[in-house]
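Engineer: Pasting a structure here, questions to come.
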Amino acid sequence: MNDVMDRIKEEAAKLKEGAVKLTHKVIGKTNNVVDQTKVKFAISDINGKIKDEYAKIGEALYKSRVDGTAAPDFSEEFASLDGMHGEIADLNEQLNELKETKLCASCGTYNDKDNEYCSKCGAPLNAAAEEDAAEESAAEEPAEEVNPETEAAPAEEVQ
C-alpha cells in the first residue's frame, strides 16, 4: 500500500513540476506580447507626432504662398522629424527582436524565426545555408582560364 501511495506522490510531484514549467512559459510569452504591444503603441504615438509635424510644415508653407512671403526655414522641424524617424527605426528593431525574427543580410527584410530562406529575396538566413549556397554557386561557375597570347595589354593613358 505504501508503494502505491509513494508512486501517486511521485506522479503528483511530476505533474506539479510540469504545471509550474508550463505556467512560467505562458507568463514569459504573455510578457513578450505585452512588451510588443507597448512598442507598437510607442511607434503609433510617434507616427501621430510625425503627421502633426507634417501638417504644421504644410500649413506654414501654404500660408507663405498665400501671403506671398518667403517660405519659412524648417530646419528645426526637419531635425525633429529626423529624430522621430530614428526613434521609429530603433523601436522597429526592438519589436523585431521581441518577435525573434531573422534579418536577411541580402535585402534587409525581417523574416519569421523559423524561416530558412528570406521570404522576399530567397537568400539563406543562416550561416550554414549561406555557406552551402556559396559552395553551390562556386561549383556551378567554371574557372576562368587566361590565355596570355589573347589577353589584351593594359590600355595606356593618353596625354
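Engineer: Does ALA60 meet the test of being surrounded by 13 or more Cβ atoms within 10 Å (Cβ to Cβ), more than 29 Å from CYS118 (Cβ to Cβ), among the aliphatic types (A, V, I, L, M) and at pLDDT 95 or above?
Structural biologist: yes
Engineer: Just to verify a result, which residue in segment 64-96, among those that are out of contact with any helix residue (DSSP H, G or I) (no Cβ under 7 Å at 6 or more places or on another chain) and among the small types (Gly, Ala, Ser), is surrounded by the fewest Cβ atoms within 10 Å (Cβ to Cβ)?
Structural biologist: GLY68
Engineer: Which of the residues spanning segment 72-131 are of a type in the set (Ser, Thr, Tyr) and in a loop (DSSP other than H, G, I, E, B)?
Structural biologist: THR101, SER106, THR109, SER119, listed by residue number.
Engineer: Continuing with the same structure: If you go through segment 47-70 one residue at a time, do you hit one that is of a type in the set (Gly, Ala, Ser) and within 23 Å of TYR110 (Cβ to Cβ)?
Structural biologist: no
The values are calculated or read from the model by the stated rules, or taken from the named source; none is laboratory data. Computed from a prediction, not measured in an experiment: that's the story for all the values here. Note that each Cβ is placed from the backbone with ideal geometry, even for glycine, and that neighbours are counted across all protein chains shown.
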